[in-house]
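Notes to accompany the following structure.
The values are calculated or read from the model by the stated rules, or taken from the named source; none is laboratory data. The structure displayed is predicted, hence computed values, not measured ones. Cβ placement follows ideal geometry from the backbone for every residue including glycine, while neighbour counts extend to all protein chains displayed.
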């Protein structure tokens, strides 16, 4: 089973949520896990959602596939400029 960890890597603008560098959430199958007391911007989340299924099968893709190189994601809000790190965590 694959799990994707999404971590706030940088905030270069003004994010209107109380997110901080190092905040994270997990996507596992069709579930979203956000630590208690933390937040995720729904605008950033809706932009990331098409990427999650592809990342979950990244190891099965041809080496030339674009998903092999995706490691970060930028929030679509030009004022927020939040950068997220996307990590695929393999679990037994």
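Of the residues 45, 55, 14, which is touching a residue at least 40 places away in the same chain (Cβ under 8 Å) and within 11 Å of the chain's Cα centre (by Cα)?
After ruling out the rest, the residue left standing is 55.
If you scan region 56-66, which residues turn out to be surrounded by 15 or more Cβ atoms within 10 Å (Cβ to Cβ) and either part of a strand (DSSP E or B) or touching a helix residue (DSSP H, G or I) at 6+ places or on another chain (Cβ under 9 Å) (or both)?
Once the filter is applied, which keeps residues that are surrounded by 15 or more Cβ atoms within 10 Å (Cβ to Cβ) and either part of a strand (DSSP E or B) or touching a helix residue (DSSP H, G or I) at 6+ places or on another chain (Cβ under 9 Å) (or both), region 56-66 yields only 58.
Given 18, 76, which one is modelled with pLDDT under 85 and either touching a helix residue (DSSP H, G or I) at 6+ places or on another chain (Cβ under 7 Å) or surrounded by fewer than 16 Cβ atoms within 10 Å (Cβ to Cβ) (or both)?
18
Give the residue that is farthest from residue 5 (Cα to Cα), with candidates limited to residues of region 29-44 that are modelled with pLDDT of 90 or more and surrounded by 10 or more Cβ atoms within 10 Å (Cβ to Cβ).
Looking at the filtered set, the residue picked out is 35.
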